[in-house]
Amino acid sequence: MKNIVLLISGSGSNMAAIIRTAEEHHWAKRLNARVSAVISNKADAEGLALAKQHGIATAVVDHKAFADQPSPREAFDAALMAEIDQHKPHLVVLAGFMRILTPGFVAHYEGRLINIHPSLLPAFTGLNTHARAIEAGCKFAGATVHRVTAELDHGPILAQAIVPVLPDDTADTLAARVLTQEHLIYPKAVEELLAK
């Protein structure tokens, strides 16, 4: 069985889209694949409850618990890797996981770690992508599914969706339209990787 581990920090709307697609497209039968776990760095992440409702294992590795370590980021990533590796992941999918990962973590899952970013990469890496696209006068924005590398938001592109920037857009209205596209392209990109 190809196990998929999803990492979230909040509501998990992309996680929900992937779980829904896995069920509707019968990944277990067609692709010998399943979402085996959802892990969050926040105990109050809303997506954990949804995962539990679908019978998916959940866990929390709280990054704040490592604040007093000599190397908090490395200590957190080591604990997170230990939790993920219990599920023998074929893919590790970042679905709104709001942590910058160490090079060691990225290297450990090389070729198996993917992310979605709310811009048309390579434009607007990092945060505040929608506001930055509007401020720059972009006519189009969008979302990108990419492989994760040590350089933030720079891995090979797997899929993109384009969304027009409307004259009266705010960062919030643009974000909402981009998110609907994320929910379409992310599950599809995961499914295509599983089919290889």
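The values are calculated or read from the model by the stated rules, or taken from the named source; none is laboratory data. Because the structure is a prediction, the values reported are computed rather than measured. All Cβ positions, even for glycine, are placed from backbone atoms using ideal geometry, and neighbour counts span all protein chains on display.
Details
- Residue satisfying all of: in the stretch 80-100; aliphatic (A, V, I, L, M) and at pLDDT below 95; nearest to the chain's Cα centre (by Cα) among these: Met98
- Applying the criterion of being among the aliphatic types (A, V, I, L, M) and in contact with a Pro (Cβ under 7 Å, 6 or more places away or on another chain) to the residues of the stretch 13-59, the residue that is nearest to Ala195 (Cα to Cα) is Ile18.
- Qualifying residue in the stretch 57-79 (condition: closer than 28 Å to Gln181 by Cα and under 14 Å from the mean Cα position of the chain (by Cα)): no
- Flag if Val106 is among the hydrophobic types (A, V, I, L, M, F, W, C), within 22 Å of Ser11 (Cα to Cα) and modelled with pLDDT of 95 or more: no
Here is a yes/no grid of residues against (1) in contact with a Phe, Trp or Tyr (Cβ under 6 Å, 6 or more places away or on another chain); (2) more than 23 Å from Arg34 (Cα to Cα); (3) not in a loop (DSSP other than H, G, I, E, B):
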{"site": "Gly155", "(1), (2), (3)": "no, yes, no"}
{"site": "Ala159", "(1), (2), (3)": "no, no, yes"}
{"site": "Thr173", "(1), (2), (3)": "no, yes, yes"}
{"site": "Pro187", "(1), (2), (3)": "no, no, yes"}
{"site": "Val190", "(1), (2), (3)": "no, no, yes"}
{"site": "Leu194", "(1), (2), (3)": "no, no, yes"}
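- Of all residues in the stretch 37-53, those satisfying the criterion of being among the polar types (S, T, N, Q) and surrounded by 19 or more Cβ atoms within 10 Å (Cβ to Cβ) are Ser40, Asn41.
- Test: Glu151 is in a loop (DSSP other than H, G, I, E, B), within 17 Å of Phe97 (Cα to Cα) and out of contact with any Leu (no Cβ under 9 Å at 6 or more places or on another chain): yes
- Evaluated against (1) assigned to a loop (DSSP other than H, G, I, E, B); (2) hydroxyl-bearing (Ser, Thr, Tyr); (3) crowded, with 22+ Cβ neighbours inside 10 Å, Thr125 falls short on exactly one condition, (3).
- Checking Ala141, Ala176, Ala131 one by one, the residue that is more than 30 Å from Arg30 (Cβ to Cβ), of a type in the set (A, V, I, L, M, F, W, C) and surrounded by fewer than 15 Cβ atoms within 10 Å (Cβ to Cβ) is Ala176 and no other.
- Flag if Glu110 is out of contact with any Asp or Glu (no Cβ under 8 Å at 6 or more places or on another chain) and part of a helix (DSSP H, G or I): no
- Within the stretch 161-171, being in a loop (DSSP other than H, G, I, E, B) and either in contact (Cβ under 8 Å) with a residue 12 or more places away in the chain or surrounded by 13 or more Cβ atoms within 10 Å (Cβ to Cβ) (or both) holds for Val165, Asp169, Thr170.
- Number of the condition not met by Asn115 [criteria: (1) buried (at least 19 other Cβ atoms within 10 Å of the Cβ); (2) part of a loop (DSSP other than H, G, I, E, B)]: (2)
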